[in-house]
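A short worksheet on the structure shown next.
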Amino acid sequence: MAVAVAALRAADQIVLASHINPDGDTLGSMLALGWGLRSLGKSVTLLSADGVPATLGFLPGAEAVQTRTDRRDFDLAVVLDAGDLERIGVSQEAVRSAPTLIDIDHHVTAGQFGQIRLLDSTAAATAEIVYDVLLSLGVSPDLPIAVNLLCALLTDTGSFRYRNVTPRTMALGGEMIRLGASPDSIAECVFENKPFAAQKLLGRALESLQRTPDGRIVWAHVTQRDFADFDATDEMTEGVVGAVRAVQGSDVALFLREMPTGRLRVSLRSRDPIDVTQVAAEFGGGGHRLASGCTLDGPLAAAEALLVAAVERHIAGVPAAAVPACAA
Ligand SMILES: [Mn+2]
């Protein structure tokens, strides 16, 4: 931390970069750090190769985010929440041109990079690390910083519901609320701001819901016809697999979406201790233990049968996920 703080203090032209398909944590962390550095008189360039999604456009400072820059005269680069450097997309050129690079992240798997690394796998969000950086820099967080950090926490913890939540996460959330950030207005912008077509598509997906006789595997799909009926886009399927996974007694949830080519893109989710990367890998995919993806050839019914059979083989002998004591 001391090395990072010294580098940030010494630098004048700083470029910050977030990952592609940006989420609330990568953008909120970048914007919060940007506000803090600007308050110290630094020139700050904010890069997000994929821009800012409409649902996160409310984040204070979002209008200053650029998708590209031709500048190569930065004296320091900071990459936030990226996992590996490839994940910042076209921002790589500007970032690599800086003589010093700081990697701030709570993903601590492969792909670490940069001369200075602030990595903490116990942080629920990169925002937790950014907060410590701001305090170490002597920045007093204000409302714009608080809104960005609270949004990052809310999105990376599923509104403080995931296993990554710690007392530190809650304490930081509380501090951001004390500074004036409002969880309800952030949640409304981020989680209750769905296009009509997206909700109709979710309805179609749930209409297709099926499960194995023992209920351990649950799956759903949307077809090209469904997309066409509502004029829906592929991004509108985000979150559908979560609704599939919410079925009582399910250990593995699958969501298949038919692409214009007829191929099927599959999202897999599981509950501990079931590892779905191994199933995804059978079909050339990958991801995380509890959240993976792969792509299969059509037709849909054949792909579903193949996948369900693969999951059944995989979970045979694996005890059912330890369901927390939910009141019956
Ligand atoms: Mn994150």
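Every read-out reported here was derived from the displayed coordinates using simple, explicitly stated rules and does not represent laboratory data. Keep in mind that what you see is a predicted model, and the values were worked out from it rather than measured. As a convention, Cβ positions derive from the backbone with ideal geometry for all residues, glycine included, and neighbour counts pool all protein chains shown.
Along the Cα→Cβ direction, 7 angstrom out, place labels at GLN224 and ARG289. What is the inter-label distance in nm?
Distance between the two pseudo-spin positions: 3.9 nm.
Enumerate by residue number the GluC sites (Glu not before Pro) in the range 120-194 meeting two conditions: DSSP loop (anything except H, G, I, E, B), and at most 16 other Cβ atoms within 10 Å of the site's Cβ.
On the way: sites: GLU128, GLU175, GLU188, GLU192; in loops: GLU192.
Within the range 120-194, the qualifying GluC sites (Glu not before Pro) (loop, at most 16 other Cβ atoms within 10 Å) are GLU192.
Considering only ALA62, LEU101, THR212, whose Cα is most displaced toward the positive end of the charge dipole of the chain, charges sitting on Cβ of Lys, Arg (+1) and Asp, Glu (-1)?
THR212
Any idea how far apart GLN66 and ALA10 come out in nm if each label point goes 7 Å out from Cα toward Cβ?
That separation, rounded to one decimal, is 2.5 nm.
Output ³J(HN,Hα) for the range 179-192: one whole-Hz value per residue in order, computed from phi by the Karplus curve 6.51 cos²θ - 1.76 cosθ + 1.60 with θ = phi - 60°, and x for Gly and Pro.
So the J values, rounded to whole Hz, are 7, x, 5, 10, x, 5, 6, 5, 4, 5, 5, 8, 9, 10.
Per residue and in Å³, how big is the convex hull formed by the alpha-carbon atoms of the chain?
Convex hull volume per residue, Cα atoms: 148 Å³.
Calculate the dipole size of the chain relative to its Cα centre from +1 charges on Lys and Arg beta carbons and -1 charges on Asp and Glu beta carbons; express the result in debye to the nearest 20. Can you show the working numbers first?
Details: 27 positive and 39 negative charges, 66 e Å.
It works out to roughly 320 debye.
Divide by every residue of the chain the summed helix terms, -39500 (n - 2.57) for each DSSP H run of at least 4, and state the resulting mean residue ellipticity at 222 nm, rounded to the nearest 500 deg cm²/dmol.
-11000 deg cm²/dmol
Sort the following peptides by mean Cβ neighbour count (other Cβ atoms within 10 Å, averaged over residues), highest first: 264-277, 53-66, 241-254, 28-41.
Those peptides, ordered most packed to least, come out 28-41, 264-277, 241-254, 53-66.
Report the Cα centroid-to-centroid distance between the range 1-44 and the range 126-151 in angstrom, as an integer.
Distance between centres, Cα-based: 10 Å.
If the only charges are +1 at each Lys and Arg Cβ and -1 at each Asp and Glu Cβ, what is the size of the charge dipole of the range 196-315 around the Cα centre, to the nearest 20 debye? Don't skip to the answer; put the middle values down first.
Details: 13 positive and 16 negative charges, 37 e Å.
Charge dipole of the range 196-315: 180 debye, to the nearest 20.
Please give the charge dipole size of the range 2-191, origin at the Cα centre, charges +1 on K and R Cβ atoms and -1 on D and E Cβ atoms. Round to the nearest 20 debye.
For the range 2-191, the charge dipole is close to 220 debye.
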